[in-house]
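We did not get these values from a lab; they are worked out from the coordinates using the rules stated. Only a predicted model underlies this, so the values are computations on that prediction, with no experimental measurement involved. Backbone-built Cβ (ideal geometry, glycine too); neighbour counts: all protein chains shown.
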Amino acid sequence: MKAVLQRASRASVTVEGEVIASFSAPEEQAGAAHGRACGLLILLGVEEGDTEADAQYLAQKAAELRIFDDAEGKMNLSVLEAGAQAIVVSQFTLLADCRKGRRPGFTQAAKPAEGERLYLYFVEEFKKRGLTVGTGKFGAHMEVTLNNSGPVTILLEARAGKAV
């Protein structure tokens, strides 16, 4: 299982012209005009053979990773401690195999039913930690926008319930 975490000042997911999830810094929030991070966009790829233990590990790691600024401007707070929001989007293309030819292969991606089950399980694990979590729509064509703050982008991977 792979997760790309992007610290953001704003993010949204649109399906068929309708915004289904979003967050942004309120205008009155100090620092909002300077792109202060207020959320986390997570792109999640579920691989054949992934388990609930992988989803639990990644949800805990993503929720506790200290990538938000404290009062002194140091990356010292987790998404939980920062009171930030999250959007989780399923993205099987994270599992693309580009070693041969010019067309990526996706045979490593979990079958749709299992991919959706583990994606939703990850979302629930994230919510259990007290976070406000929006989602994309599994299997839909989505338009995802974000203002990456920092930029801060972190890749996490899990297999057998621990880091790869």
Worksheet item: Sorted from largest down, what three extents in whole angstroms do the Cα atoms of segment 26-122 have along their principal axes?
Response: 47, 32, 22
Fill in: Nearby lysines by direct alpha-carbon distance to LYS61 (threshold 28 angstrom, same-chain neighbours under 8 apart not counted)
LYS2, LYS74, LYS111, LYS127, LYS128, LYS137, LYS162
Practice prompt. Taking the dipole about the Cα centre of segment 69-126, with the C-beta of Lys and Arg at +1 and of Asp and Glu at -1, give me whichever of GLN108, TYR119, GLN91 is farthest to the positive side.
Written response: GLN108
Response to the item:
Magnitude of the Cβ-charge dipole (Lys and Arg +1, Asp and Glu -1) of the chain about the Cα centre, nearest 20 debye, reported as 500
Worksheet item: How about segment 33-67: which GluC sites (Glu not before Pro) there lie in a loop by DSSP and see at most 16 other Cβ atoms within 10 Å?
Response: GLU48
Fill in: Per-peptide average of other Cβ atoms within 10 Å, ordering 13-25, 119-131 highest first
119-131, 13-25
Worksheet item: Per q in 0.11, 0.18, 0.19 1/Å, what log10 I(q)/I(0) does a Debye calculation on the alpha-carbon atoms of the chain return?
Response: -0.44, -1.11, -1.21
Worksheet item: Out of every Cα-Cα pair in segment 74-134, what percent are more than 14 Å apart?
Response: 66
Worksheet entry | Net charge over other residues, Cβ less than 10 angstrom from the Cβ of ALA62 (K, R count +1; D, E count -1) | 0
